[in-house]
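Take this structure first; my questions come after.
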Amino acid sequence: MSSPFMFDHEDRLGPIDRNVSLLDKVRTIHAALREHFPFVQRIAAAVFDPETDMLKTFLFTGEEDSPLTHYSAKLTDAPSLRAIIEKGQPRVVNDLAIFSGGQHEHTQRVAAEGYRASYTMPMYHQSRLFGFLFFNSYDANCFSEEALRQIDPFGHLIALTIINDLTSLQTLLATVKTARDMAHARDDETGSHLDRMSRFARVIAQAVADRYELTDETIEKIFIFSPLHDIGKIAIPDRVLLKPGKLDPDEEALMRTHPIRGREMIDQMLTHFQVGQMQGSDILRNIALFHHEAIDGTGYPDGRTGMDIPIEARIVAVADIFDALTSRRPYKPAWNNDDAFALLRQLAGRKLDEHCVNALIDNREAIEAIQQQFQENIIG
């Protein structure tokens, strides 16, 4: 007698419910889409930072390398994308030749790769712009109305998958930041410092991405996680944390425990939020634990050297030190950028990653724009 149950059906989208990377989930959805529409050769996502009006490449999936990686641009400088928001509708371009005279770098790169048609969907979360999805094809005139009706559900599934991944991080981080903000009353580190240094970290990460094989997703997570580098200071007693003078050896030893305490706190919170195996959680752990390590092995807590220090920690170290130097503190005035750059050059290759230092200095215009936007609140 045959069984009334059948287990032969393969759920093509089943992997998106498993503990795999966000990119693998999007690849699974893309593969399922291409079974019906093989002309969709590339899908890419860009996420939006409303505080800086910046669109940033985030991930892509396709047969070829993406023409756009480690790239960002202001939404105000992309009129065709602004039109999508203003009209409240996705956009089809069935012949990209109409952009052949486009001056924007992203337009030129996509055209140079040979793509002929595109479909762009805005991503929203709680009625706010989250980013854009781009479906590209080497075939012109392929995005018919009939095809789009069937592509749209796949697009929304990809958008929800990306939003769920990043907002789950943001929910976790909102809780952690609340605890960190409460600790601001106990030390001299301000919210503006965290705004600046996290964006300095992103500038550095984008600049060294090719050298250290960083994906856009990794760059975004370095940006998101970097404000939590000193979370462990919450555990340091006021008599040490707030001491105005030089710490004695015992106090210095206690202060140097904050990376370990920070890692422990993060592990506890990841467990409480049931995201202990969250993709990218190692980036968060590494930033908290290793941002005081030094290239020459004189740092702490492990005395790691060179490439044994995770790249995310090396990036955050440069961003953090530069902003500390150029920020006013009760015990010192703010340094000017030239003096801070000079000291970073002295530390490069000894205490700090040389390529990360050069990345910061070589992007002075971007760094100073961040400083201008996120100036210190002199009242608070």
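The values are calculated or read from the model by the stated rules, or taken from the named source; none is laboratory data. The structure displayed is predicted, hence computed values, not measured ones. No Cβ is skipped: glycine too gets one built from the backbone with ideal geometry, and neighbour counts run over all protein chains shown. These accessible areas exclude ligands, DNA and RNA; they are computed on the full protein's heavy atoms, side chains included. Shrake-Rupley method; radii C 1.70, N 1.55, O 1.52, S 1.80 Å.
Once the Cα gyration tensor of the chain is found, what semi-axes does its equivalent ellipsoid get, as square roots of 5 times the eigenvalues, in whole Å, sorted largest first?
Over the Cα atoms of the chain, the ellipsoid semi-axes are 41, 25, 18 Å.
For Glu145 and Arg82, what is the calculated FRET efficiency with R₀ set at 30 Å and r taken between the beta-carbons, to the nearest 0.05? Don't jump to the answer; show the numbers that get you there.
Values: r = 24 Å, r/R0 = 0.80.
Calculated transfer efficiency: 0.80.
Put +1 on the Cβ of every Lys and Arg and -1 on every Asp and Glu Cβ in the chain; which of Ala235, Ser144, Thr52 then has its Cα farthest towards the positive end of the dipole?
The listed residue farthest towards the positive side: Ala235.
Next question, about the same structure. What dipole magnitude, in Debye to the nearest 20, does the chain give about its Cα centre under +1 on Lys/Arg Cβ and -1 on Asp/Glu Cβ?
Numbers: 40 positive and 56 negative charges, 136 e Å.
Dipole magnitude for the chain comes out near 660 debye.
In terms of modelled amide H atoms, which long-range or inter-chain residues lie less than 5 Å from the amide H of Arg42?
Distant-sequence amide H within range of Arg42: Asn136.
Determine the per residue accessible area of the chain with all protein chains present and a 1.4 angstrom probe, expressed in square angstrom.
Values: 19050 Å² over 380 residues.
Ligands and nucleic acids excluded, the result is 50 Å² per residue.
Residue by residue through the range 125-135, which ³J(HN,Hα) values in whole Hz follow from phi under the Karplus form 6.51 cos²θ - 1.76 cosθ + 1.60 (θ = phi - 60°), with glycine and proline marked x?
Once rounded to whole Hz, the list reads 9, 6, 6, 10, 4, 9, x, 9, 10, 10, 9.
Among all stretches of the chain without exposed chymotrypsin sites (Phe, Trp or Tyr not before Pro) (DSSP loop, at most 13 other Cβ atoms within 10 Å), which one is longest?
Numbers: sites that count: Phe5, Phe7, Tyr331.
So the longest stretch without any such site is 8-330.
Label-point separation (nm) for Tyr124 and Leu242, each offset 7 Å from Cα along Cα-to-Cβ?
In this crude spin-label approximation the distance works out to 4.7 nm.
Give a quick list of trypsin sites (Lys or Arg not before Pro) in the range 229-328 that DSSP marks as loop, anything other than H, G, I, E or B, with at most 10 other Cβ atoms within 10 Å. Don't skip to the end; give the middle numbers.
Numbers: sites: Lys233, Arg239, Lys246, Arg256, Arg261, Arg263, Arg285, Arg304, Arg314, Arg328; in loops: Lys246, Arg256, Arg304, Arg328.
Of the trypsin sites (Lys or Arg not before Pro), the ones in loops of the range 229-328 whose Cβ has at most 10 other Cβ atoms within 10 Å are Lys246.
Using the Cα centre of the range 7-91 as the reference point, and only Cβ charges (+1 on K/R, -1 on D/E), how large is the resulting charge dipole? Debye, rounded to the nearest 20. Don't jump to the answer; show the numbers that get you there.
Values: 11 positive and 14 negative charges, 54 e Å.
Dipole magnitude for the range 7-91 comes out near 260 debye.
If you don't mind, another one. Only helical DSSP H runs with n ≥ 4 go in: add -39500 (n - 2.57) per run for the chain, normalise by residue count and round the 222 nm mean residue ellipticity to 500 deg cm²/dmol.
Numbers: 14 runs with 184 residues, N = 380.
Value at 222 nm, helices only, nearest 500: -15500 deg cm²/dmol.
What distance in nm separates the two pseudo spin-label positions at Glu264 and Ala342, each 7 Å out from Cα along the beta-carbon direction?
4.2
Then there is this: In whole percent, what relative contact order does the chain give with Cα contacts below 8 Å and a gap of six or more residues?
Numbers: 526 pairs, mean separation 49.5, N = 380.
Across the chain, relative contact order equals 13 percent.
Taking only complete DSSP H runs, can you tell me which helices of the chain stretch 20 Å or more along their own long axis by Cα positions and average at least -0.5 on the Kyte-Doolittle scale?
Flagged H segments are 22-36, 145-183, 191-212, 311-325.
Please list, in chain and number order, the residues 5+ apart from Met123 or on another chain whose amide H is under 5 Å from its amide H, with Hs placed from the backbone.
When sequence neighbours closer than 5 places are left aside, the close amide H contacts are Phe130, Gly131, Phe132, Leu133.
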